[in-house]
Amino acid sequence: EDVMVPAPPRHRVSTKGSNVPNHVDSFQELKDRYGLSSHLQTNLTKNGYTHPTGIQSYGIPILLESRDLAAISPTGTGKTLAYVLPILQSLGAPSSSSKSNAGSGVRALILAPTRELAHQIHNECLRMAEGRKWRIVLFSKATAATLADKNARDKVDIVISTPLRLVTSLQAGNLALNNVRHLVLDEADRMLDAEFLSQIQEVVAACSHPQLRKAVFSATLPAGAEKIAMEMLQDPIRVVVGLKDT
Ligand code: ADP
Ligand code: MG
C-alpha cells in the first residue's frame, strides 16, 4: 500500500525566503523544467516513486536551482529522496572518468547522526544512482583507510558519514572537501545540538568551494537549532510541511 501522496491532499506546506522557486506537482514537471535525466526517471519508476511527496515537490526545485534550504517535514515523508535526487541530477560525470582531476573528487557530502541512518541514506543513493558509475561511499573505518590514498580519494563522488568519523579523517589530512558542492545535514535537529555542533562547524569550514550549497533536513527544528541553521545557510529558503489533520 502506497501511503505517499502529493502535496495538495494531505500536507500543508509553507515557504519562507526570497524568490522561492515554484513547486512541481509531478516528476514529469522536473523533466520539463530541469531536464531530469532519463536514468533518474527510470530509477524513480523502478522504485515505485510515482508522485513526489510534499517535501519533494517543494524541496527538489529549490535544490535544483542551487538554493540553500532548511526543510522541515515529518518522519516518513521522503526527505532522503528530496536531497538525493537533486544531488544526482547535478553531479555530472563520475570522478573516475575524469582525466585531469580538475572538477572531480568528493562533490557531495551527506552527514547523519548515526551509522544506521547513514547506511539507509547510502542505500537510497545507490538505488537512485543505479546504472551510473558514480562512486558513492559510506564512510567507515575501512573506507576511511582506503581514502587516505589520494588517488582513491579523487575517484569518489559522494560521501555519506557520521560527523566524528569524517572529522577524524579531516584532521589527519586524509580527506579533502574543497570540491564539495552539495552539503546536506540530515536529522538536523540532532546534528546542530551540542553533541555534534563543533564537528559540523569543522566540516563546514573544510567545504571551501565558492559554489557550495547547503541544506538541512529534519522532522523538527527547535528554535536553537533553527537559529544556527539559518546562520549557517546563505539566503536560505525554509520549507515546512505539516500534516493537515494534526
Ligand atoms: P524521512 O526521511 O522523511 O523520514 P524517508 O526518506 O526515509 O523519509 O522515506 C520514507 C519512505 O518513503 C521510504 O521507504 C521511501 O522509499 C519512501 N518514499 C520516498 N519518496 C517516495 C515517493 N515519492 N513515493 C513513494 N514512496 C516514497
Ligand atoms: Mg530521514
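Which residue out of ILE55, ILE62 is within 16 Å of ligand 2 (Cβ to nearest atom), of a type in the set (Val, Ile, Thr) and open to solvent by less than 50 Å² (accessible area, probe 1.4 Å)? Lay out the reasoning, then the answer.
Working: ILE62 fails: within 16 Å of ligand 2 (Cβ to nearest atom).
The unique qualifying residue is ILE55.
One residue is enough: does segment 196-210 have a residue meeting the conditions without any contact (Cβ under 8 Å) to a residue 12 or more places away in the chain, aliphatic (A, V, I, L, M) and open to solvent by 60 Å² or more (accessible area, probe 1.4 Å)?
Here is the first cut: in segment 196-210, the ones without any contact (Cβ under 8 Å) to a residue 12 or more places away in the chain are 198, 201, 205, 210.
Okay, now just the ones that are also aliphatic (A, V, I, L, M), so 205.
Going one step further and asking which of them are open to solvent by 60 Å² or more (accessible area, probe 1.4 Å), we end up with 205.
Yes: one or more hits.
Could you tell me whether segment 155-164 includes any residue that is touching a residue at least 60 places away in the same chain (Cβ under 8 Å) and either within 16 Å of ligand 2 (Cβ to nearest atom) or open to solvent by 30 Å² or more (accessible area, probe 1.4 Å) (or both)?
yes
State the number of residues belonging to segment 165-194 that are small (Gly, Ala, Ser), under 27 Å from ARG67 (Cβ atoms) and open to solvent by 20 Å² or more (accessible area, probe 1.4 Å). Can you show your working first?
Taking segment 165-194 as the starting set, the residues that turn out to be small (Gly, Ala, Ser) are 169, 172-173, 176, 188, 194.
From the residues that got through so far, the ones that are under 27 Å from ARG67 (Cβ atoms) too are 176, 188.
Filter once more, so that each one left must be open to solvent by 20 Å² or more (accessible area, probe 1.4 Å): 176.
Total satisfying the criteria: 1.
Filter segment 20-46 for residues that are open to solvent by 60 Å² or more (accessible area, probe 1.4 Å) and without any contact (Cβ under 8 Å) to a residue 12 or more places away in the chain and give the result.
GLN28, LYS31, ASP32, SER38, THR45
For segment 215-232, give me each residue that is buried (at least 21 other Cβ atoms within 10 Å of the Cβ) and not small (Gly, Ala, Ser).
Selection gives VAL216, PHE217, LEU221.
Name the residue, out of LEU85, LEU81, LEU40, LEU36, that is of a type in the set (A, V, I, L, M), away from ligand 2 (no atom under 15 Å from the Cβ) and assigned to a helix (DSSP H, G or I).
Sole residue among the options that is of a type in the set (A, V, I, L, M), away from ligand 2 (no atom under 15 Å from the Cβ) and assigned to a helix (DSSP H, G or I): LEU40.
Working only within segment 205-246, note down all residues that are part of a loop (DSSP other than H, G, I, E, B), of a type in the set (Val, Ile, Thr) and touching a helix residue (DSSP H, G or I) at 6+ places or on another chain (Cβ under 8 Å).
Hit for segment 205-246 is THR220, nothing else.
Report yes if some residue within segment 111-130 is away from ligand 2 (no atom under 16 Å from the Cβ), crowded, with 22+ Cβ neighbours inside 10 Å and in a loop (DSSP other than H, G, I, E, B); otherwise report no.
Looking through segment 111-130, none of the residues is away from ligand 2 (no atom under 16 Å from the Cβ), crowded, with 22+ Cβ neighbours inside 10 Å and in a loop (DSSP other than H, G, I, E, B).
When you look at LYS141, is it among the charged types (D, E, K, R) and at pLDDT below 95, yes or no?
Criteria met by LYS141.
Identify the residue in segment 72-90 that is under 14 Å from the mean Cα position of the chain (by Cα) and open to solvent by less than 10 Å² (accessible area, probe 1.4 Å) and, among all such residues, is nearest to ligand 1 (Cβ to nearest atom).
LEU81
The values are calculated or read from the model by the stated rules, or taken from the named source; none is laboratory data. Predicted model only: the values in this text are computed from it and were never measured. All Cβ positions, even for glycine, are placed from backbone atoms using ideal geometry, and neighbour counts span all protein chains on display. Remember, those area values only see protein heavy atoms, side chains included, never the ligands or the DNA or RNA. Shrake-Rupley method; radii C 1.70, N 1.55, O 1.52, S 1.80 Å.
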